[in-house]
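The structure appears right after this line, and notes come after that.
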């Protein structure tokens, strides 16, 4: 592979305008670490498999450089910002996460994370609302935001869905959420669902005196997503939800621009992520997905739970929670969403580990409550209050019959 080793320069000092990307690589049999690292840097910038007669000094000057390699296979690559088109996330991903995953020089390669220079960060809008803005929408400041998906997550009629949403809100929850695969099927059309759910939302707000909102899934072809977002706004809702990976980065960028004009917050579902994030040796990490989503402007993003039904290692969840809240200058933070197999008995440790600045989404853990959805939601609210006050769930259950029933059915987390 002539020429690739020229993309390794361990004396190089990255500039403040370089995009620095961390990879973990496992070279193919017979390939040195230096050659594999150079292949990654070269193939993702100005290099190719052979020396070129068309290479010029001004082109060589803007090449990516692997400037750090350690024995564990961790490498760091610096990309001059000039390699990227401002505000074009698909192009950035095509560059640093394009051909490299199929190269013969590497057996495995995983894109771990990036340090985004201000020059690139400032070409993207970031979240419109962020954590503070979300709290301002809902007027909730002293506890985690709560959300639930009507279950079964697909198959309900519009009327059944709206009624279940009403029960969720009446149990004390802030948000009702569509799941990733509910869009506009024949049994539950999108527009009908918006209309009926907004009626129930308004009714719940009047009866509780609390702010309520709906994370309705607009995921579809891009022009249809824009039309759906406008329809949602016309009926007085504050949010849309989007399956950001299946719809794509370009779709998200377009929706974010439209939502800016419509004053809508974006809840990001990460459906499909595990296809390339779960293998710790190959693919791209959820951390890198989260960084990208934050730059493009989602206000809420799923990060896992540590203790729920889905594979989500503690170190990954903690890292995502921190990454979404880091100070990125003018780029606002993102509200981390914990979901997947949660029930009241698992909630206090989440608050202890991740702080009150999270959203807790519970589906089966309220709808499976023996006394029904509303009672399940009340049990969750009681468990959250116990977690905030440092009270044991067994003590809290003495004051909440709904929580007592939930603990009897599902138990509770014992550290």
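Bear in mind that the values in this text are calculations on the coordinates, not laboratory data. Just so it is clear, the structure is predicted and the values come from calculations on it, not from any experiment. Note that each Cβ is placed from the backbone with ideal geometry, even for glycine, and that neighbours are counted across all protein chains shown.
How much length is gained if the chain between residue 227 and residue 17 is pulled fully straight, taking 0.36 nm per residue apart and subtracting their Cα-Cα distance, in nm to one decimal? Walk me through the numbers on the way to the answer.
Values: separation 210, 0.36 × 210 = 75.60 nm, distance 3.78 nm.
That pair, residue 227 and residue 17, stretches by 71.8 nm at full extension.
The range 336-355 and the range 383-415 have Cα centres separated by 13 Å. Once C-alpha pairs closer than 8 Å and six or more residues apart are averaged by separation and normalised to the residue number of the range 7-121, the relative contact order reads 43 percent.
Given R₀ = 22 Å, FRET efficiency for residue 322-residue 115 by Cβ-Cβ distance, to 0.05? Calculated transfer efficiency: 0.90. In deg cm²/dmol, rounded to 500, what helix-only [θ] at 222 nm does the chain give when every DSSP H run of at least 4 residues adds -39500 (n - 2.57) and the total is split over its residues? Estimated from H runs of four or more residues: -11500 deg cm²/dmol. Computed over the range 256-415, the percent of Cα pairs more than 27 Å apart is 31. The alpha-carbon atoms of the range 7-121 define a convex hull whose volume equals 104 cubic angstrom per residue.
Helix 314-325 axis versus longest C-alpha principal axis of the chain: approximately 90°, rounded to the nearest ten.
For the chain, relative contact order (Cα pairs under 8 Å, six or more residues apart, normalised by length) works out to 15 percent. Considering every alpha-carbon pair of the chain, the percent of pairs per 20 Å bin, from zero through the bin containing the longest distance, is 26, 50, 22, 2.
If R₀ is 56 angstrom, what is the calculated FRET efficiency for the pair residue 263 and residue 51, using the beta carbon separation as r and rounding to 0.05?
0.55
With 0.36 nm allotted per residue and the present C-alpha distance subtracted, the residue 352-residue 275 stretch has 24.7 nm of extension available.
In whole percents, the pair-distance distribution calculated for the range 92-193 from its alpha-carbon pairs, binned every 5 Å from zero, is 2, 9, 13, 11, 10, 11, 13, 11, 12, 5, 2, 0. Simple spin-label estimate for residue 205 and residue 184 gives 2.4 nm between the two label positions (7 Å along the Cα-to-Cβ direction from each Cα).
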